[in-house]
């Protein structure tokens, strides 16, 4: 019976010993092992054995963590009180320093973030603070990362969640925004009307130019047509004159040939000459000037004319006179 009790006690002791000596470190964790209150080693993920009641293991989560910075009131450089809150994302890089270099890391980071937020936003006006969140986030992250480096932590990013001005300031900002939007709408409408007027004026100008160009082209075509018509008429008249002249020349040559072929007498030539003079006078001329060397011919022509009038008396000869 005594042996059974001893065996049971030994078995219980082994169970308790194993339960205190065996530790499992997960992949996202690191184990800081202390022996008799002194740092011994940092354990990597896996199965780890420690000496019960002598060694102690402290598990540190190495995943990225989030700290919510509570809202606080901050006075801007233009004396406007705003409520600001933020979130801080950090990642442990050294479990030993995180456990031993700071007593309460969450409280320390929260207060550090609030203090730096007051400093950063206090140097800005309200409009700048509302429109410069990226620069505020970057500056605050750099400040916190430098301060927490000795704590074995790397600050990954900082995000400003809200910047809330007072109610009256918000109403004034809404009125200002409404007035600005109204002004922009008015300017946009005026710009649209101006562009439309310019477009209409350009269209009318282009229409006038096209109409004038059309009239000019029409006038050019008409002038060219008239010029072509005049040239054709002149060419036709010249051709007619040439044809007439050729015809007259042919007629004269024909008459001349016929006369010479007929062997005309001087009396016939004189009669034809008188008929030609009659046609030249046309019943209106009272005097006809003849060359001086034609006086003798005219004397013979006068005699011939008297013969045709029926005067049978021969003209007086010079001897009769």
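The values are calculated or read from the model by the stated rules, or taken from the named source; none is laboratory data. In this text the structure is predicted, and so the values were computed from the model without any measurement. All Cβ positions, glycine included, derive from the backbone under ideal geometry; neighbour counts span all protein chains shown.
Pairing residues of the range 113-127 that are in the same structural domain as residue 160 (by TED's automatic domain parsing) and touching a residue at least 24 places away in the same chain (Cβ under 8 Å) with residues that are part of a helix (DSSP H, G or I) and surrounded by 15 or more Cβ atoms within 10 Å (Cβ to Cβ), at Cβ distances under 6 Å and at least 6 apart in sequence or on separate chains, gives 116/140; 116/143; 121/129.
On inspection, residue 228 passes the criterion of being surrounded by 10 or more Cβ atoms within 10 Å (Cβ to Cβ), over 38 Å from the mean Cα position of the chain (by Cα) and farther than 30 Å from residue 131 by Cα. Pairs meeting the criteria (first residue in the range 171-190 and outside the structural domain of residue 127 (by TED's automatic domain parsing), second residue part of a helix (DSSP H, G or I), beta carbons under 9 Å, at least 6 apart or on different chains) are 173/126; 173/127; 173/130.
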